[in-house]
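Take a look at the structure below.
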Amino acid sequence: MPPATVEALEERSGGMCEAGCGRRAQDIHHRRFLSRGGRHNLANLLALCGSGNHTGCHGIAHRGHAPAGWAISRHERRGEADVPFVDLAGRSWWLDDAGQKTQGRKESP
Ligand SMILES: [Zn+2]
């Protein structure tokens, strides 16, 4: 992953798990898994706690019962920026590839 992408993600998350559990982020999660054609674009990435897909919020994201938007189905046609993720507190967040994270409903064009 490009170092600039990692830096932008750290800046967006403030070093904290973006699921909102209150722990520090340790891992980078791909919402559209790399095995499903996911890329290293910021809208596809979440800074999560845990390690190696098995523990913490990163583990939750890979166990199939995560809140909406943590793992994007291979059948989902929308781009990652158009699929919000819902954190542990039930808040919806929109991510974009420029490193922005916006809470709530996206403005209609
Ligand atoms: Zn967490």
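Looking only at residues of the range 1-27 that are within 13 Å of the ligand (Cβ to nearest atom) and aliphatic (A, V, I, L, M), we find that the one that is nearest to residue 82 (Cα to Cα) is 19. I'd like to check something: does the range 71-89 contain any residue that is exposed (fewer than 11 other Cβ atoms within 10 Å of the Cβ) and within 20 Å of residue 12 (Cβ to Cβ)? Yes.
Collect the residues in the range 55-72 that are within 13 Å of the ligand (Cβ to nearest atom) and either under 15 Å from residue 37 (Cα atoms) or among the β-branched types (Val, Ile, Thr) (or both), keeping them in residue-number order. Result: 55, 60.
Give me the residue from the range 28-38 that is touching a residue at least 40 places away in the same chain (Cβ under 8 Å) and within 16 Å of the ligand (Cβ to nearest atom) and, out of that set, farthest from residue 84 (Cα to Cα). Here the answer is 29. State whether the residues of the range 73-84 include one that is modelled with pLDDT of 95 or more, within 16 Å of the ligand (Cβ to nearest atom) and either among the hydroxyl-bearing types (Ser, Thr, Tyr) or touching a helix residue (DSSP H, G or I) at 6+ places or on another chain (Cβ under 9 Å) (or both). No, there is no match, as no residue in the range 73-84 is modelled with pLDDT of 95 or more, within 16 Å of the ligand (Cβ to nearest atom) and either among the hydroxyl-bearing types (Ser, Thr, Tyr) or touching a helix residue (DSSP H, G or I) at 6+ places or on another chain (Cβ under 9 Å) (or both).
Out of the residues in the range 1-53 that are among the basic types (Lys, Arg) and part of a loop (DSSP other than H, G, I, E, B), which is farthest from residue 69 (Cα to Cα)? Among those residues, the one meeting the criterion is 23. Residue count for the range 39-54, restricted to those that are touching a Leu at 6+ places or on another chain (Cβ under 6 Å) and within 14 Å of the ligand (Cβ to nearest atom): 1.
The values are calculated or read from the model by the stated rules, or taken from the named source; none is laboratory data. Not measured: the values here are computed from a predicted model. Cβ coordinates were reconstructed from backbone atoms using ideal geometry, including for glycine residues, and neighbour counts include every protein chain displayed.
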